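Values in this text are rule-based calculations from the coordinates and carry no lab data. None of these values were measured; they are calculated from a predicted model. Neighbour counts run over all protein chains shown; Cβ positions are idealised from the backbone, glycine included.
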Amino acid sequence: MSAEKLQYIVSVDVYNTAKQLPADEQTLLQQATKIMHAAYAPYSNFKVGAAVLLENGKVITGNNQENAAYPSGMCAERVAIFYAGAQHPDIAIKTIAVTCEAEAEQPVTPCGACRQAIAEYEQRHNKKIKLIMATPTGKVFCTNGIETLLPFMFSSKYLKK
Ligand code: THU
């Protein structure tokens with residue numbers, strides 16, 4: 001018996017360099033890069049920076065914070081997102097820029113847990129978030145809405161009210 005196929009269209013805009021982005025997005029990426037250098041990553045030596053642009057124009061930045069007890073550390077994206085949620089609970093996130101130190105062709109993409117945290121923020125404010133993923137010298141990937149990176153996501157709609 002053949003199964004019915006449920007397919008997601010994954011659409012990512014790819015730019016060869018960050019210079020092709022609009023000026024405000026280049027600035028956000030620069031803010032992510034600046035905070036990346038201050039990351040605390042003595043165990044992985046992999047520094048990541050994230051810059052979160054809120055709907056009111058405010059920018060919150062964060063970087064990865066590691067720990068000798070490895071799982072106690074936190075990714076750059078969630079450091080920034082949770083700070084935004086704590087300080088500005090009523091303001092939606094418009095854009096998140098994320099970058100890492102590695103000289104890689106492929107940009108850094110948020111881990112599964114960070115994708116889930118971004119999904120929660122989208123649902124909380126009923127607003128899709130634009131994600132800009134980069135490395136300092138490589139290509140830049142842009143997506144509009146976390147569903148591209150997290151199809152079939154878990155959400156509050158499964159929870160009994
Ligand atoms: N990391 C991030 O901060 N964001 C990502 O998108 C990927 C991974 C961090 C977690 C850890 O401190 C280090 O990078 C290596 O996994």
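Of ALA113, ALA134, ALA86, which is farthest along the charge dipole of the chain in the positive direction, counting Lys and Arg as +1 and Asp and Glu as -1 at C-beta?
ALA86
Could you list the trypsin sites (Lys or Arg not before Pro) in the stretch 49-99 that lie in coil according to DSSP, counting only those with at most 15 other Cβ atoms within 10 Å of their Cβ?
LYS58
Tell me which GluC sites (Glu not before Pro) from the stretch 1-89 have a DSSP coil assignment and no more than 14 other beta carbons within 10 Å of their own.
GLU4, GLU55
Computed over the Cα atoms, what is the radius of gyration of the stretch 15-57 divided by 2.2 N^0.38 Å, N being its residue count?
1.35
Taking H placed 1.01 Å from N in the peptide plane, check which residues at least 5 places from THR61 or on another chain put their amide H under 5 Å from its amide H.
Hits under the 5 Å cutoff: VAL52.
Report for the chain the percent antiparallel among DSSP-assigned beta bridges with both residues inside it, nearest 5.
That works out to approximately 75 percent antiparallel.
What chymotrypsin sites (Phe, Trp or Tyr not before Pro) does the stretch 127-156 have in DSSP loop regions with at most 15 other beta carbons within 10 Å?
In loop regions of the stretch 127-156 (DSSP not H, G, I, E or B), the sparsely surrounded chymotrypsin sites (Phe, Trp or Tyr not before Pro) are PHE152, PHE154.
Diagonalise the Cα gyration tensor of the stretch 99-161 and give the resulting equivalent ellipsoid semi-axes, square root of 5 times each eigenvalue, largest first, whole Å.
27, 11, 8
Fewest to most neighbouring Cβ within 10 Å: what's the order for ILE96, ILE35?
Ordered by Cβ neighbours within 10 Å, fewest first: ILE35, ILE96.
On the first, second and third principal axes, largest extent first, how far apart are the outermost C-alpha atoms of the chain in Å?
51, 36, 36
About the Cα centre, and with charges only on the beta carbon of Lys, Arg (+1) and Asp, Glu (-1), how big is the dipole of the stretch 50-161? Nearest 20 debye, please.
Around 580 debye, computed over the stretch 50-161.
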